[in-house]
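Right, one structure below, let's go through it.
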Amino acid sequence: MIAWRHFSGHRWRYRLEPLDEDRTRVTETFDWSTARTPRLLEWMRAPQKNARAIERTLERLKSIVDA
């Protein structure tokens, strides 16, 4: 797992799960349950925006690895 906490308290994580010799499942998460300002994040629609950004990040990662 690769993880870090943002200065405002929310966490980003990449979980790497080996599937076989050639494949690894990567799961990216944005955990805002520990954020210092959850209402601000909600008002900014950070969870929704980050969900879309996570999808794009994982797609880019896959395209790089598959190249």
| field | Odd one out for A3, checked against (1) touching a Lys or Arg at 6+ places or on another chain (Cβ under 8 Å); (2) touching a residue at least 12 places away in the same chain (Cβ under 8 Å) | value | (2)
| said: Step by step: first the residues of region 1-55, then only those that are of a type in the set (D, E) and part of a loop (DSSP other than H, G, I, E, B), then the one that is nearest to A67 (Cα to Cα). Which residue is that? | reply: D22
| request: Please determine, by comparing only the residues of region 1-36 that are aromatic (F, W, Y) and over 19 Å from R56 (Cβ atoms), which one is nearest to the chain's Cα centre (by Cα). | output: W4
| field | Hits in region 1-10 (condition: of a type outside the set (A, V, I, L, M) and at pLDDT 90 or above) | value | R5
| What do you reckon, is A35 farther than 15 Å from S8 by Cβ and either touching a His at 6+ places or on another chain (Cβ under 9 Å) or modelled with pLDDT under 90 (or both)? | no
| task | Just need a number here: residues in region 1-23 that are surrounded by 12 or more Cβ atoms within 10 Å (Cβ to Cβ) and touching a strand residue (DSSP E or B) at 6+ places or on another chain (Cβ under 8 Å). | result | 8
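The values are calculated or read from the model by the stated rules, or taken from the named source; none is laboratory data. A quick note: this is a predicted structure, and the numbers were derived from the prediction, not measured. A quick note on method: Cβ atoms are made from the backbone with ideal geometry, for glycine too, and the neighbour counts reach across all protein chains shown.
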